[in-house]
Amino acid sequence: MTLTIAVSIVLALLFVATGAGKLFGAKASLEARDHFRMNPALWRTIGALEWAGAAGLVVGLVTWEWVAHAATVGLGLLMVGATITRLRYDSKPTGVVVDLALLALLIMLLFLDR
């Protein structure tokens, strides 16, 4: 259970940070958006979904377990999309590795005992 809490909190913090960049227009985030040729509204929507997923991970720790499962699956789907987008636009290999590492953590979180 301790590992579940630790991984959930770390992932929630990471997704809050990346979502904030998208929602509040951080320079690096806007450069990434432009590199991926993404619509600004879609970019902000992804940021909002990252925040919702992070909130779901935390809510799932303290109340309904199913919320954490739904958030984990949703964030996992976002990471699949992120990986495909990076591969499509010939992005840096380190970005793909980070996306896949986050996806692996999310998959692990699904199977940890809650």
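Observations on the structure shown:
- Full extension of the chain between VAL80 and GLU31 yields a length gain of 15.6 nm, computed as 0.36 nm times the residue separation minus the alpha carbon distance.
- Ranked packing of 88-96, 39-47, 53-61, 15-23, most packed first, by mean Cβ within 10 Å: 53-61, 15-23, 39-47, 88-96
- Using the Cβ-Cβ distance between VAL96 and GLU65 with R0 = 25 Å, the FRET efficiency computed as 1/(1 + (r/R0)^6) comes to roughly 0.20.
Computed from the coordinates by the stated procedures, all read-outs in this text should not be read as laboratory data. Note that this is a predicted model, so its numbers are computed, not measured. Heads up, the Cβs are rebuilt from the backbone with ideal geometry, glycines too, and the neighbour counts pull from every protein chain shown.
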